[in-house]
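In what follows, a structure is listed as structure tokens, so that the remarks can point back to it.
None of the figures in this text is laboratory data; all of them are computed from the coordinates on show. Just so you know, these numbers come straight off a predicted model, no measurement behind them. All Cβ positions, even for glycine, are placed from backbone atoms using ideal geometry, and neighbour counts span all protein chains on display.
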């Protein structure tokens, strides 16, 4: 009986031990499952974060048409997503030329922004030539690695992943990632960078094509503007030539009878004793002189005398006109501001004719300020031209008249106060010197005339 009881107790102990062992195994399995679930959750969160950031990156670069912005966004996000010390984006400029478009950190960009390298140099050159990614986890010992081109010379490169940027089977650049924080580059890193590189290549190509189109459009716009200006100058020149031929004949025919009328009127002034008749004679003489001046202007407009060109400082001509008109301008309450270039503005001009040009423009400005104002005179120069600017604060020119003010006989002045030849003569003189004149104006806010003349060769 006791033997059976002992055997039973042994069996009970064995079963209890099995239960304890099973419980421990279950606890170990649960701990392992919890750890596995935690690791899985972390990996899922990391992958979700990576995919979310990747989606944001791809969306951002595809939304931009600015080449530098696309490159900068890609470099910044790759630095963070992959976890590396530095990233650069190299751009293939030709079969033999490579330059860096952007790099991080800032210290890298300060060095690499000025680097120009051959298309077959270093790891970057190798990747651009082969079109295949390249990974090395011992960069310093790698025979393809080139310190000073792949990375700045003072940078201690350890691990490098270089991925080509390919569009339509053509390599256009390369991404280089250096020194991964958590060790060596692996297949996951490579697959991720390859995905990013494909989107970056497409976005950069789109940006490059957009910049090309914009440049072409700007060039076409510039050429169209130049063509329109040339057409306007041609039309103006044809107007001047046609009217010049007409006025040349008419003025000669008018001069003879006007001279006779003036001569007899002046004789009557001397001989006539009747004050009333003498007044009529003086009126005839005065108006005949006015007609003669108009005829002389017409002759000057029609006649193309040869230019007596001399090398002159444009500032001196301006100063001379200011001195000649200072008294009259002061009497009419017009303040003069003269801003002259510090250096001489040497132009090749006929001094007398250029004096006439500036005098005409100053007198026009004076007449546009009947109640006083400010006259601003400026001389300056750029690499090709000497510039003369005359600005008034007068009544301005209506927009509808801006295209006509250089036409012969066009004037906004009341009858008897102008022939409409002053600006036409001015235009003709300037164009004969190889220059141009432009005007801008706001009614009620004055006008500004800008004269550009070719610089004299030294």
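Each part reduced to its alpha carbon centroid, region 108-123 and region 260-294 end up 89 Å apart. The per residue volume of the convex hull around the alpha-carbon atoms of region 62-214 is 104 Å³.
Using the average count of surrounding beta-carbon atoms within 10 Å as a protection proxy, the listed peptides 374-380, 138-144 rank, highest first, as 374-380, 138-144. Rounded, prolate or oblate: which fits region 330-373, taking a ≥ b ≥ c as square roots of the Cα gyration tensor eigenvalues, rounded meaning a/c under 1.5, else prolate when a/b beats b/c? Since a/c reaches 1.5 but b/c is at least a/b, the shape of region 330-373 is classed as oblate. Peptides 262-275, 172-185 ordered by packing proxy, namely the average of other Cβ atoms within 10 Å per residue, highest first: 172-185, 262-275.
Each listed q (0.12 Å⁻¹) maps to a log10 I(q)/I(0) for region 309-454, found by the Debye formula over equal Cα scatterers with no solvent: -0.46. As a rough footprinting exposure proxy, the listed residues 81, 324 were ranked by other beta carbons within 10 Å of their own, and the order from fewest upward is 324, 81. Once the C-beta distance of residue 79 and residue 328 is scaled by a Förster radius of 56 Å, the resulting FRET efficiency is 0.20 to the nearest 0.05. Of the peptides 120-128, 201-209, 335-343, the order by per-residue mean of other Cβ atoms within 10 Å, starting with the highest, comes out as 120-128, 201-209, 335-343. Compute the Cα gyration tensor for region 311-352, then decide on rounded, prolate or oblate, letting a ≥ b ≥ c be the square roots of its eigenvalues: rounded whenever a/c is under 1.5, prolate when a/b is larger than b/c in the other cases, and oblate in all that remain. Judged from the Cα gyration tensor, region 311-352 comes out oblate (a/c at least 1.5, b/c at or above a/b). Here the residues 427, 134, ranked from fewest to most Cβ neighbours within 10 Å of their Cβ, fall in the order 134, 427.
Decide, for region 162-225, between rounded, prolate and oblate: order the square roots of the alpha carbon gyration tensor eigenvalues as a ≥ b ≥ c, take rounded if a/c falls under 1.5, and otherwise choose prolate if a/b is larger than b/c, else oblate. It is prolate, given that a/c is not under 1.5 and a/b is the larger ratio.
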